[in-house]
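A.B. asks: Quick one: the structure is below, and I'll ask about it shortly.
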Amino acid sequence: MPLQIKTVEASRNVPIQNRPRPVDMNGIYFYVVNESNFEEFKARFTQEKGDFLFYAISVRDYETLALNMSELKRFIKQQKELIVYYEEAVKPKEDKKIPNK
């Protein structure tokens, strides 16, 4: 009996996972404090919040923070596009039927 060799196309069955829950960010309030309103700010802040502690950031560093957030958004968008590409690549292909002539 002669040996028969057949080529059989096997489809991959890669389950598509659920997408993660969307990001739910909490609000942040920024106070603008300078020399002319520092004492007023300190009194009001202490009365409203209790302890007097705050972080300072320069205008240049605030701009850098905004640029970094933009870079994160770009990265996440590209990652999402890459995920969609791979999901489409492993999706089962439909049989294309050739219409009768």
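A.B. asks: Do you know which of the residues in the range 40-60 that are charged (D, E, K, R) and either surrounded by 10 or more Cβ atoms within 10 Å (Cβ to Cβ) or touching a strand residue (DSSP E or B) at 6+ places or on another chain (Cβ under 8 Å) (or both) is nearest to I16 (Cα to Cα)?
C.D. replies: The residue in question is K49.
A.B. asks: Right, here's the next one. Going through the range 1-27 one residue at a time, which ones are hydrophobic (A, V, I, L, M, F, W, C) and loosely packed, with under 10 Cβ neighbours inside 10 Å?
C.D. replies: Residues satisfying the conditions are M1, L3, I5, V8, A10, V23, M25.
A.B. asks: Right, something else. Taking V8, is it out of contact with any His (no Cβ under 8 Å at 6 or more places or on another chain), hydrophobic (A, V, I, L, M, F, W, C) and free of Cβ contacts under 8 Å to residues at least 40 places away in the same chain?
C.D. replies: Working: out of contact with any His (no Cβ under 8 Å at 6 or more places or on another chain): yes; hydrophobic (A, V, I, L, M, F, W, C): yes; free of Cβ contacts under 8 Å to residues at least 40 places away in the same chain: yes.
For V8, the condition - out of contact with any His (no Cβ under 8 Å at 6 or more places or on another chain), hydrophobic (A, V, I, L, M, F, W, C) and free of Cβ contacts under 8 Å to residues at least 40 places away in the same chain - is met.
A.B. asks: For G27, state whether it is on the phi > 0 side of the Ramachandran plot and of a type outside the set (A, V, I, L, M).
C.D. replies: No.
A.B. asks: Scan the range 12-33 and report the pairs whose first residue is assigned to a loop (DSSP other than H, G, I, E, B) and whose second residue is at pLDDT 85 or above, with Cβ atoms within less than 6 Å and a gap of 6+ or a chain change.
C.D. replies: Correct list of pairs: I16/E87; V33/F41.
A.B. asks: Which condition number in (1) farther than 30 Å from E94 by Cα; (2) not in a loop (DSSP other than H, G, I, E, B) is the one that K80 fails?
C.D. replies: Against the list (1) farther than 30 Å from E94 by Cα; (2) not in a loop (DSSP other than H, G, I, E, B), K80 comes up short only on (1).
The values are calculated or read from the model by the stated rules, or taken from the named source; none is laboratory data. Source: prediction; values computed, not measured. A quick note on method: Cβ atoms are made from the backbone with ideal geometry, for glycine too, and the neighbour counts reach across all protein chains shown.
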